[in-house]
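Quick notes on the structure that follows.
The values are calculated or read from the model by the stated rules, or taken from the named source; none is laboratory data. Because the structure is predicted, anything quoted here is derived from the model rather than measured. Ideal geometry is used to build each Cβ from the backbone, glycine not excepted, and the neighbour counts take in all protein chains shown.
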């Protein structure tokens, strides 16, 4: 089922997905939470502009549904501890914040950062790729992983012990100091 144009889910309404693929163009996190899915796949874009603990986004933590073609466009603040099945587009107004002991994971592909990703002794993991765009900033201390590759066109600053796990990067290692760069895979400089 593909939903185009404007489709609204009224107050108290719900969409049930038990299989197949549900495609939507644009929705909000609140509307997305009205989709009850026990199987299948979804694709589309969600906008976020608030201050949200990702552990409350249970619809995006649904392992029974393929959410890798769902993109969360963040213009607010995302914080907390959760494994989300979607991709992340962090706009210039967006911030992702992880503190000590927290782990935030995004499973979708096409992840970009034009805002800030701040890690204060936690872990940021992207199961696919990450592009830190020209206006993007990534910093702090802790672990940063992009299993599908890491392209940096912006600024990065780290302190203390910092692990960067990625297949590739366009940032010379000399600009990544002081910290420890762990290279479990090839690191292109």
| Residues of region 68-105 that turn out to be in contact (Cβ under 8 Å) with a residue 24 or more places away in the chain, in a strand (DSSP E or B) and more than 14 Å from residue 44 (Cβ to Cβ), as a count | 12
| Just to be sure, is residue 39 buried (at least 19 other Cβ atoms within 10 Å of the Cβ), free of Cβ contacts under 8 Å to residues at least 60 places away in the same chain and not in a strand (DSSP E or B)? | no
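Residue-wise test of (1) out of contact with any strand residue (DSSP E or B) (no Cβ under 9 Å at 6 or more places or on another chain); (2) crowded, with 18+ Cβ neighbours inside 10 Å; (3) over 17 Å from residue 81 (Cβ atoms).
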site: 120; (1), (2), (3): no, no, no
site: 128; (1), (2), (3): no, no, yes
site: 131; (1), (2), (3): no, yes, yes
site: 136; (1), (2), (3): no, yes, yes
site: 152; (1), (2), (3): no, yes, yes
site: 155; (1), (2), (3): no, no, yes
site: 158; (1), (2), (3): no, yes, yes
site: 162; (1), (2), (3): no, yes, yes
| task | Could you please give the count of residues in region 68-104 that are touching a helix residue (DSSP H, G or I) at 6+ places or on another chain (Cβ under 7 Å) and surrounded by fewer than 17 Cβ atoms within 10 Å (Cβ to Cβ)? | result | 2
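Return a yes/no flag: does region 13-32 have any residue that is in a loop (DSSP other than H, G, I, E, B), touching a helix residue (DSSP H, G or I) at 6+ places or on another chain (Cβ under 9 Å), more than 19 Å from residue 126 (Cα to Cα) and modelled with pLDDT under 95.
Within region 13-32, the subset in a loop (DSSP other than H, G, I, E, B) is 13-14, 18-20.
Next cut, touching a helix residue (DSSP H, G or I) at 6+ places or on another chain (Cβ under 9 Å) only: none.
No, there is no match, as no residue in region 13-32 is in a loop (DSSP other than H, G, I, E, B), touching a helix residue (DSSP H, G or I) at 6+ places or on another chain (Cβ under 9 Å), more than 19 Å from residue 126 (Cα to Cα) and modelled with pLDDT under 95.
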| In region 51-67, which residues are assigned to a strand (DSSP E or B) and buried (at least 19 other Cβ atoms within 10 Å of the Cβ)? | 67
